[in-house]
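Novice: Here it is: the structure, laid out below.
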Ligand code: B12
Ligand code: B12
């Protein structure tokens, strides 16, 4: 089996670059083909990159609190562009303020994300989920 | 009017002496005649001292957490011994553990204390209460 | 080509026209009105004055970060930090859309926040609220207030907030681009910040001193001091050239206390060197220290310790200002309660340590020797009283008050010794009771206490002891008179 | 007459009979059974071994205070401190009735606590629970466990708890009388503690090392170090004479870091001096530091800072053990959650500071000079690139990577520089990118990093950088390999 391609990026007007660099290094190390769009990535940039590289998953980060606004509609746009079955993961400090994680998870699952992660997500575990869930 | 006499002490098996020394110095400075029994004072020692010195008030301290057990019955004993109208104040860390002060106050008022004070009681205020409430 | 040269007024004015039309609220800004408004602000609310005073008095001022979407909520937040949190200086942290000049998205954020009944923006969208909205904020508070953001092109933001009475403006052409933006050319951001600095210079020339603060910590993540120092000094030079006169250079805690103290010391010295070498002399330089700017522990107890450690370092390094984190740092924008907690925890440390000097091996050795000397005095006497037997000697010593424990309740304790702190917070002896301390040591204790008495303008007295007993729970180490 | 002389066995045994009949649970104590039970306790659960290891390894062990009325509840509490709080050593704090040998009142407290469904006692009434109850506790936990109290006559308490498998016993004839009692003659309490020490000596002679810890802080209120040192040393001498071999002397934080560090240093040196002068050589001396023992602030944020400051001092003074306070200190017996918070906050500081050395004026000056040197390297190049103009130079410098901000997101930033911490936590350069640092400085950075690589037994690598980024949120400053 070929190494699955994943698209990484920090959505919206968000400049937090440290976690993004860590994610790139980590997932490359785990054998994924990583396409890292860096910080301040718009929804269409994510989608274009995913189409161009035939990616199996998009990993969206949001740290700065505007995640709720920035992520709305991403799933619909993916479907519009023919990315019917692409995996959508999202993680970071997704909402403004300290909030019980269940609430955050529910909110983002409703928006169409397959998995939602807190800042202290176990990355090994995330890699395992990805391996299991990407379409061959 | 003569300076009112008050009896001070730390009840039970309680050895916390620092606050007690502060109270003695403070109330003496405010013009009260202070009879300080120190730490580890039993209920009968309080009552005997009050009778002997014709005190107008007993100020009970309890810091170590056993206040609830140690203070029970003090009002009844006072009445038994003829101290019908003596003022009873109590203060300190009166119960085991951090507890909302309302609950503590209610508990000790039910036991027959006239006033109940938290550790950060304003001592000037306490002196004013005493001045106003002692029988001439 | 980009030059470190004062922008000429004709050029400034032509740029200005464009700047003010970038969003409708820009048209409210009129400089003459702004100057009049600023001149009416009392000195007690001027940020530059506060920083200068801190420098003169050797104080460390506390400032939190805080900003929410709506004016009323923002005011409530700031008032809480002012009263409950006892902040010395107030912030207005700007939201991330405004930082990118995305005022339409900010407008949507405001609407959604109103609808949700909670702030969905990570800061205060000052441009959208315009001069009137910002003035409502400035007028509601009683402490000097600063704009804190992360905006590569902050020209309109500066126009609006300075016209609204803010007296300090954070940022710089490097520090608010490189860590905050992805695609803004550095040349562009430096130019745009020259504009902001020139605007501050105009206020200065009209008798209004506005404080400027380059953002020292940069990415907040493992930045060695010499890198951020260099950038800070450059931004300082750029600002001075445009007529800025009150400048606060920043540094983010690196974690090793030695390096951090050396960093604060060197930043101050270097900046003066470079500023003077560039021909500047008429300026006020102050230093701000940022508590740990990297990733925080999620556990609040642990976060408190990170906050505490930053405060300890500040207490020894003596910057004029410290920017305070909160126990929610790792989780999200703090509640106002958490924000006040960060301030209280910081205050406790800064106050507890305020009288302590940087220690070194030599003075510790000296104190070690003193203690050894004192113990020998007592021990010799104990053994003498016990005729060589320590147990018997102890009983006799307590009887004689040769051993005497302050504040002990035992009737077998003489209770004659009265300790008190000296002027640096060392515990010394006020009343020796029967302690067999020799004259040399006693005279030494006495002289230490006289230092304190002099500093406090009062006699050595029992009141000092009482004050010392309460001190730590009141956030001090030494119980000074009010 | 009272003498510092080993109690003879005939005398000991005749006293012992009396002691064991003071309360019915005394009759369960049989020494042969006790020795057998103690011998089966693994070394990992022996307190004396833990203290000795800490000394050898230069560690600071964390210990909370905790005790409630009922066995089951007490076990739940200790297990929480062990797991959630990650305590290194466990306590069992005894209630105040037991401390006064008022076992009947303790019995009533137990009954009332059962009825109330909550502990109405301020500690664990070990005598009333007897050997079987205490063994249930000892067996339920996996860390070494100590009896902490304040009992002038602790003979029965010692008999029961040592027979039950506790491996450390706090207190002393002076320190558990003078601050804790009102009317107990000192001669009496010293005698009674000679008994307790002799009992520990008996265990020692039977191959079981029990740790003994005189109570250093006394009243916890403004006690100058030389007073508590003298008393601690006396109690040490008394204990050694009765055959104790593992002894931990204590000191309560005074508040000035210089004095506190000097106090810990002098306590260690003085104790050795006096112990050796008295002819002792076969003993293990360790030091315990108590976080602030006086009145605490009621506000929890402020209390965290007091806890944090005590931890900072400990980190520099390097005792083998630190006794941890909680954010509830001023209010009442802490909940187990608050108790764990105290441990976590302490751990965070101790770990963050573990690699830092005591700083002194000289080494700070040295670090100041290094930073100045580095800045000059960069600044010279910036000005060179800008042909004297700092603005132009800056743009060029970023383009060239002469200025380069680690981890910055901007595409105008070279992003080639990689910082990393050295072995003391100073930030140094790992990959210099195009920074114009001269060879002298680079070699110096390199040598600092090699120190770390050597200490960690791994190559200087990017992994170190990643590890450093996570370090503070994991409670460390330097990201060491596991
Ligand atoms: C350093 C920092 C900054 C630096 C960033 C420099 C840079 N260019 O990177 C500076 C100072 C510039 C900065 C600015 C701002 N920041 Co900031 N910042 C931080 C801080 C302290 C650390 C972030 C960090 O680097 N962590 C270390 C890395 C390794 O962890 P991480 O970023 O969390 O990423 C990991 C996980 O989240 C997870 N993860 C992330 N994404 C994804 C995605 C998937 C699919 C998965 C599985 C996992 C995953 O894995 C990553 C690697 O382990 C955090 C608070 C904290 N965490 O302690 C605040 C924080 C993120 N910042 C915050 C804010 C609000 C801002 C500002 C808006 C200013 C403000 N109002 O305070 C601006 C943002 C401007 C903008 N346009 O984005 C808030 C966000 C609030 C919220 N969500 O409610 C935080 C939480 C602080 C706070 N409590 O207020 N910040
Ligand atoms: C110092 C101290 C000790 C010293 C005492 C030395 C001595 N001889 O005085 C030592 C170390 C020996 C000690 C021992 C113990 N202590 Co202690 N101790 C403290 C501590 C840290 C400070 C007390 C103090 O001196 N404060 C300064 C003085 C000035 O304030 P104060 O005592 O509160 O008194 C003022 C007010 O309360 C008020 N007040 C008091 N009484 C009255 C009465 C009236 C009428 C009024 C108006 C006002 C008033 O005015 C006083 C003057 O301002 C407190 C916690 C704290 N407060 O931070 C714990 C504390 C009181 N101790 C506590 C306990 C439990 C004990 C022990 C049982 C050990 C244990 N299990 O931890 C033993 C007690 C043994 C015994 N037989 O009593 C608990 C009590 C818990 C509870 N109530 O739930 C506390 C609260 C700590 C805690 N959070 O666990 N302690």
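Novice: I'm checking my understanding of the structure. Among residues of region C:127-157 that are out of contact with any strand residue (DSSP E or B) (no Cβ under 6 Å at 6 or more places or on another chain), assigned to a loop (DSSP other than H, G, I, E, B) and in contact (Cβ under 8 Å) with a residue 60 or more places away in the chain, which one is farthest from ligand 1 (Cβ to nearest atom)?
Specialist: Within region C:127-157, the match that is farthest from ligand 1 (Cβ to nearest atom) is C:142.
Novice: Continuing with the same structure: List, please: which pairs have Cβ atoms under 7 Å, are six or more places apart or on different chains, and start with a residue in region A:85-111 that is within 12 Å of another protein chain (Cβ to nearest Cβ) and end with one that is within 8 Å of ligand 1 (Cβ to nearest atom) and part of a helix (DSSP H, G or I)?
Specialist: Qualifying pairs under 7 Å: A:92/A:19; A:92/A:67; A:94/A:67; A:95/A:67.
Novice: Which of the residues that make up region C:179-221 are facing chain D (nearest Cβ under 7 Å) and either under 20 Å from the mean Cα position of the chain (by Cα) or within 25 Å of residue C:320 (Cβ to Cβ) (or both)?
Specialist: Scanning region C:179-221 gives C:179, C:218, C:219, C:221.
Novice: Any idea how many residues of region C:315-337 are part of a helix (DSSP H, G or I) and surrounded by fewer than 21 Cβ atoms within 10 Å (Cβ to Cβ)?
Specialist: Matching residues across region C:315-337 total 3.
Novice: Any residue that is within 14 Å of chain B (Cβ to nearest Cβ) and either crowded, with 24+ Cβ neighbours inside 10 Å or more than 13 Å from ligand 2 (Cβ to nearest atom) (or both) - is there at least one of those in region D:135-149?
Specialist: yes
Novice: Also, I was wondering about something else. Any residue in region D:425-436 that is in a loop (DSSP other than H, G, I, E, B), modelled with pLDDT under 90 and closer than 20 Å to residue C:235 by Cβ?
Specialist: no
Novice: Which residue is farthest from residue C:372 (Cα to Cα), if the candidates are limited to region C:442-477 and must be within 12 Å of another protein chain (Cβ to nearest Cβ) and in contact with a helix residue (DSSP H, G or I) (Cβ under 6 Å, 6 or more places away or on another chain)?
Specialist: Going through the qualifying residues, I end up with C:475.
Novice: Looking only at region D:264-273, count how many residues are crowded, with 22+ Cβ neighbours inside 10 Å and out of contact with any strand residue (DSSP E or B) (no Cβ under 7 Å at 6 or more places or on another chain).
Specialist: Going through region D:264-273 one residue at a time, the tally reaches 2.
Novice: Also, quick follow-up: Please go through region C:391-407 and pick out each residue that is surrounded by fewer than 23 Cβ atoms within 10 Å (Cβ to Cβ) and assigned to a helix (DSSP H, G or I).
Specialist: Within region C:391-407, C:392, C:396, C:399, C:400 qualify.
Novice: Also: What's the number of the only condition in (1) under 22 Å from residue D:181 (Cα atoms); (2) in a helix (DSSP H, G or I); (3) at pLDDT below 95 that residue B:96 fails to meet?
Specialist: (2)
Novice: Here's a follow-up. Go through D:243, D:232 for me and flag whichever is over 16 Å from the mean Cα position of the chain (by Cα) and at positive phi.
Specialist: D:243
Novice: Do the conditions hold for residue D:308, that is, is it modelled with pLDDT of 95 or more and within 10 Å of chain C (Cβ to nearest Cβ)?
Specialist: Judged against the criteria, residue D:308 is a match.
Novice: Please count how many residues of region C:404-434 are facing another protein chain (nearest Cβ under 7 Å) and more than 30 Å from residue C:351 (Cα to Cα).
Specialist: Selection size over region C:404-434: 5.
Novice: What is the one condition in (1) facing another protein chain (nearest Cβ under 7 Å); (2) touching a residue at least 40 places away in the same chain (Cβ under 8 Å) that residue C:377 does not satisfy?
Specialist: (1)
Novice: Another question, if that's okay. Can you pull out every residue in region D:255-271 that is at the interface with chain C (Cβ under 7 Å from one of its Cβ atoms) and more than 17 Å from the chain's Cα centre (by Cα)?
Specialist: D:256, D:258, D:259, D:262, D:266, D:270
Novice: Residues in region D:28-44 that are surrounded by 15 or more Cβ atoms within 10 Å (Cβ to Cβ) and closer than 16 Å to residue D:204 by Cα: how many?
Specialist: Within region D:28-44, residues that are surrounded by 15 or more Cβ atoms within 10 Å (Cβ to Cβ) and closer than 16 Å to residue D:204 by Cα number 6.
Novice: Please go through (1) touching a strand residue (DSSP E or B) at 6+ places or on another chain (Cβ under 7 Å); (2) surrounded by 17 or more Cβ atoms within 10 Å (Cβ to Cβ) for residue D:431 and return the number of the only condition it doesn't satisfy.
Specialist: In the conditions (1) touching a strand residue (DSSP E or B) at 6+ places or on another chain (Cβ under 7 Å); (2) surrounded by 17 or more Cβ atoms within 10 Å (Cβ to Cβ), residue D:431 misses (2) alone.
This table checks each residue for (1) touching a helix residue (DSSP H, G or I) at 6+ places or on another chain (Cβ under 9 Å); (2) within 16 Å of ligand 2 (Cβ to nearest atom); (3) under 19 Å from residue A:12 (Cβ atoms).
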residue	(1), (2), (3)
A:95	yes, no, yes
A:111	yes, no, yes
A:116	yes, no, yes
A:121	no, no, no
A:127	yes, no, no
A:132	no, no, no
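Novice: Of the residues that make up region C:3-13, is at least one surrounded by fewer than 20 Cβ atoms within 10 Å (Cβ to Cβ), within 29 Å of residue A:65 (Cα to Cα) and over 31 Å from the mean Cα position of the chain (by Cα)?
Specialist: No.
Novice: Pick from region D:117-126 the residues that are assigned to a loop (DSSP other than H, G, I, E, B) and either within 12 Å of ligand 2 (Cβ to nearest atom) or surrounded by 24 or more Cβ atoms within 10 Å (Cβ to Cβ) (or both): which of them is nearest to the other protein chains (Cβ to nearest Cβ)?
Specialist: D:122
Novice: Moving on to the next point. Check region B:99-109 and report whether any residue there is within 9 Å of ligand 2 (Cβ to nearest atom), under 30 Å from residue D:77 (Cβ atoms) and in a helix (DSSP H, G or I).
Specialist: The answer is no, given that none of the residues of region B:99-109 is within 9 Å of ligand 2 (Cβ to nearest atom), under 30 Å from residue D:77 (Cβ atoms) and in a helix (DSSP H, G or I).
Novice: Right, residue D:70: more than 16 Å from ligand 1 (Cβ to nearest atom) and farther than 19 Å from residue D:130 by Cβ or not?
Specialist: Taking the combined requirement at face value, the residue does not satisfy it.
The values are calculated or read from the model by the stated rules, or taken from the named source; none is laboratory data. Predicted model only: the values in this text are computed from it and were never measured. Glycine also receives a Cβ, built like all others from the backbone with ideal geometry; neighbour counts cover every protein chain displayed.
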